[in-house]
Amino acid sequence: MHGVRITETYQLDVGGGTESLDTLERTRGVKRTVKTRSVEAALPYKAAVVAGSMDYVDFLQNRRDSYFWIEGLYFCKVPMRIDLRLSTVDAPNAGSALFDVIRAVKIALNRKLKGVILPISAYSFKHPPQLMPVETAEKMFADFIMVGEA
């Protein structure tokens, strides 16, 4: 309530892996739309948002550089800006989320569920059937995991 209100933000990625190459050549527009909507859904208000893959650089190999730019207002509407670069090895970036998905799908199979399972989709994927705030998706996922474990 007393933090920064984001007015404009972007996250753009440059990578050297096959996903970056594929995104550049085939699915750039779709992926950018999906990622932008995902970031917009995380904000409890409207802001100018752009997110997605920007380019492929072969010598980065399996590395990814993500550029974050956030502009907003904080106390007394004083402007602020964050400009950040995050460099990672790309392959393990989704590993922890993938473990959560595998565990949740096994639980769903044990419960004989099928079709879209919203708690898993909303928590784990950028383009679930229903976008929701991160906090809501996390709680729904935790509740899904905990049912029947007590």
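Since every read-out is calculated from the coordinates, none of them should be taken as a lab result. The structure displayed is predicted, hence computed values, not measured ones. All Cβ positions, glycine included, derive from the backbone under ideal geometry; neighbour counts span all protein chains shown.
Quick notes on this one:
- The single condition among (1) surrounded by 17 or more Cβ atoms within 10 Å (Cβ to Cβ); (2) part of a helix (DSSP H, G or I); (3) of a type outside the set (S, T, N, Q) that ALA108 does not meet is (1).
- Residue match in segment 69-81 (condition: exposed (fewer than 14 other Cβ atoms within 10 Å of the Cβ) and in contact with an Asp or Glu (Cβ under 6 Å, 6 or more places away or on another chain)): yes
- Close pairs (6 angstrom Cβ cut-off, 6 or more residues apart or separate chains): free of Cβ contacts under 8 Å to residues at least 24 places away in the same chain in segment 89-110, of a type in the set (Gly, Ala, Ser) anywhere: VAL101/SER124
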